[in-house]
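Readers should treat all values here as calculations from the given coordinates under stated rules, not as data from a laboratory. None of the values given here were measured: they were computed from a predicted structure. Don't worry about glycine lacking a Cβ; one is built from the backbone with ideal geometry, like all the others, and counts go over all protein chains shown.
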Amino acid sequence: MNFDKLLAGWTFRTSTPDYAVGDELTVFVTGTNGSTPIVRIGDTVISLLDVEDGRPLVDRRVRIRVTEFDTQRHEGSGELLSVFDEEE
């Protein structure tokens, strides 16, 4: 068996993906840092700044736009674009 052919195109995902300013992502809000909702993608953390207080986002699927990202620390910030309904 030709293993080169079998494995052609395979890649491994990293636990610390990098993002560029302006990238739009559909993700789940995994928790908070104080009152700031955060998204974890592997070991990368994106804080959602300027979200109205008291809006329950934890465990909700949301669409965000990356506004800052530090590729050395794998941390950034983003803005909330939309929240998906739970029925979707």
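Which value in nm describes the separation of the simple spin-label points at Thr32 and Gln72, placed 7 Å from the Cα toward the beta carbon?
Here the modelled spin labels are 3.2 nm apart.
For a quick check: with amide H placed at 1.01 Å from N, whose amide H comes under 5 Å from Leu49's, ignoring anything fewer than 5 positions away on the same chain?
Correct list: Gly78.
Once amide H atoms are built 1.01 Å from N in the peptide plane, which residues 5 or more positions from Thr30, or in another chain, come under 5 Å H to H?
Amide H neighbours of Thr30, under 5 Å, 5+ apart: Ile38, Val39, Arg40, Asp59.
Within the chain, which is the longest segment containing none of the chymotrypsin sites (Phe, Trp or Tyr not before Pro) that sit in a DSSP loop and have at most 15 other Cβ atoms within 10 Å? Don't skip to the end; give the middle numbers.
On the way: sites that count: Trp10, Phe12, Phe84.
Counting at most 15 other Cβ atoms within 10 Å as exposed, the longest clean stretch of the chain is 13-83.
If I compute Cα extents along the principal axes in Å from the structure I just sent, which labelled value in (i) 30, 25, 24; (ii) 38, 31, 20; (iii) 58, 35, 21 lines up?
Comparing each candidate, only (iii) matches the computed number.
Compute the longest continuous run of the chain that contains no exposed trypsin sites (Lys or Arg not before Pro); treat a site as exposed when its DSSP state is not H, G, I, E or B and it has at most 10 other Cβ atoms within 10 Å. Don't skip to the answer; put the middle values down first.
Values: sites that count: Arg13, Arg73.
After excluding every exposed loop site, the longest remaining stretch is 14-72.
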